[in-house]
Structure formats: structure tokens, C-alpha cells
1. I'd like to check something: does the range 29-38 contain any residue that is touching a residue at least 24 places away in the same chain (Cβ under 8 Å), touching a Lys or Arg at 6+ places or on another chain (Cβ under 7 Å) and either away from the ligand (no atom under 16 Å from the Cβ) or part of a loop (DSSP other than H, G, I, E, B) (or both)?
2. Would you confirm whether or not the range 77-89 contains a residue that is crowded, with 19+ Cβ neighbours inside 10 Å, more than 16 Å from the ligand (Cβ to nearest atom) and touching a residue at least 12 places away in the same chain (Cβ under 8 Å)?
3. Go through R25, R42 for me and flag whichever is in a helix (DSSP H, G or I), within 16 Å of the ligand (Cβ to nearest atom) and within 27 Å of H177 (Cα to Cα).
4. Answer yes or no: is there a residue in the range 171-192 that is at pLDDT below 90 and open to solvent by 80 Å² or more (accessible area, probe 1.4 Å).
5. Conditions first: (1) crowded, with 16+ Cβ neighbours inside 10 Å; (2) farther than 15 Å from I119 by Cα. L28 passes all but one, so which condition is the exception?
6. If you scan the range 67-76, which residues turn out to be within 16 Å of the ligand (Cβ to nearest atom), farther than 19 Å from H36 by Cβ and either open to solvent by 40 Å² or more (accessible area, probe 1.4 Å) or touching a strand residue (DSSP E or B) at 6+ places or on another chain (Cβ under 7 Å) (or both)?
7. Can you name the condition, by its number, that D59 falls short on among (1) of a type in the set (D, E, K, R); (2) more than 19 Å from D110 (Cα to Cα); (3) at pLDDT below 95; (4) within 14 Å of the ligand (Cβ to nearest atom)?
8. Taking the range 1-22 only, how many residues are closer than 20 Å to T93 by Cβ and either modelled with pLDDT under 95 or within 16 Å of the ligand (Cβ to nearest atom) (or both)?
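The values are calculated or read from the model by the stated rules, or taken from the named source; none is laboratory data. Keep in mind the model is a prediction, meaning the values are calculated, not measured. Here the Cβ positions follow ideal geometry from the backbone for every residue, glycine too, while neighbour counts run over all protein chains shown. Only protein heavy atoms, including side chains, enter the accessible area calculation; ligands, DNA and RNA are left aside. Shrake-Rupley method; radii C 1.70, N 1.55, O 1.52, S 1.80 Å.
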Amino acid sequence: MKTAVGSAPTVLVVEDEPGIADILRITLSYNGFTVHCAATRREALAAVREHRPDLVLLDVMLPDGNGWEVCQALRAERAADPAGDELAVIFVTARDDPREVVAGLALGGDDYITKPFGIDEVVARVQAVLRRTRRDTGGTDRVLRHGDLEMNEATYSVCRAGQRVELTPTEYNLLRHLLRHAGQIVSKEQLLQHVWQYETVVPSTVVETYISYLRRKLDRFGPSMIETRRGIGYGLRAVEQA
Ligand code: CA
């Protein structure tokens, strides 16, 4: 299912080794993706129908078949339903035989990653492929929404209840991080890392300060949006979806 935020991409991890599946699930979740897992070819096909992911990270060697077959089946379904959602596929393979890789890409893979992989590489590849495939679908995905709040990442503009909200670049980056993780509580450390990138001169109270700036600007147009979980972090309050 597409998330209520309308922005966090959904990734299906198809991997039969639980340790690898866990690492992928945890890392991708941490990076703002909605993640589902499947351990077999059969589960993978069922999970695609159920969760309609934006991207499938597809292990090639599965207990009941292989990733190439899964990809072929998905592409066949897509061909039968041209109006269906765009679905990107990245193969994860222990085989680095170039002929295998070429064959996989010919079956409709968008990219491939060879095991053993660095986790940062996986995140970067997933983001790159999604940028490519989601842009192809028309570009409306660059708008992040949460209730009556709307952020257009193409024009760097923010509106609440139809009213333009003027933000400084730091406020914008902070809000974007919260929007990308809507539904979660984001720790102060995570915000310092992603918004301030551990700038050494930043005092530890900077997050509280900027959260208060954001609140002042956003709450002029509606009920309080940002929630504080004392000792844990910040998040956007759940909103009623129309
Ligand atoms: Ca495997």
C-alpha cells in the first residue's frame, strides 16, 4: 500500500538469508523507506500484489526459484496492466558473471548489486534507481504531503492549508527530514546528523531552537504539527486522512 504521506517510497526486500534481510530492512527503514520482506519466490509475488512497492530488492538465489523468474513474472503482470504502478527492480546477486548480469537486466532489472555489498552502496543505488524511475512517472512524487502540509522538493516551496510558509534553508531541511519520516519519531542525534551533518560549531540546543522556529511558522495556519517525545525525539503528529 502507498503510505499516507504519499512520499516515503516502499521497498520490498526479497532475501532468504534472515541476517541479510534484517540488515537491509533496518537500514532502509532508517533511511526513510517503508520496508516489507519476503523470503521466497512465492512470498515475493504475493507481497508485490499486497504492498505494491516502488522498488524490489531481489535476491537471485531463492529457495523455491530464482530472482530472474520473479522479475519476469512481475514484468509480465505489468505488461498486462499498462496503467499499473511503475515498479523498479534491483537484483542482488552473489554471481558476478557479467553474462548473468546482462541477462538479468535484459529481463527488466533496473540495476544489480553484487554480494557482499556495502550497506551504504545499497541505499545509494536504491535512491538512484527511484529517482530515475519515479521521475519517469511524471514528477509529481517530488511533493511531500502530511495532512494540510505540502512540500514541493522541485521548487523548495512549502504550503500549509494553501498558505505559503517561508522557511530558511535549515528550517526547510529539518522539516523535510521530519516529512520523510512522518509517522516515526526522529531522534535529536539523527537530526543533527542529517540536517546539520555534525557541524562542529553547532550547540547541542540547536535542534530544539529550530523546532521552535518551525512550530511558530507552521502553527499559524492550523493545529500544532510537531510532537516532542521527551528524551526520544520529534515527529509529525498523525493526521486524519481525507
Ligand atoms: Ca539467497
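1. Yes, the range 29-38 has at least one match.
2. Scanning the range 77-89, I find at least one residue that is crowded, with 19+ Cβ neighbours inside 10 Å, more than 16 Å from the ligand (Cβ to nearest atom) and touching a residue at least 12 places away in the same chain (Cβ under 8 Å), so the answer is yes.
3. On inspection, the qualifying residue turns out to be R25.
4. The answer is yes; a qualifying residue exists.
5. Condition (2) is where L28 drops out.
6. Correct list: E69 only.
7. Checking D59 against (1) of a type in the set (D, E, K, R); (2) more than 19 Å from D110 (Cα to Cα); (3) at pLDDT below 95; (4) within 14 Å of the ligand (Cβ to nearest atom), the one that fails is (2).
8. The qualifying residues number 11.
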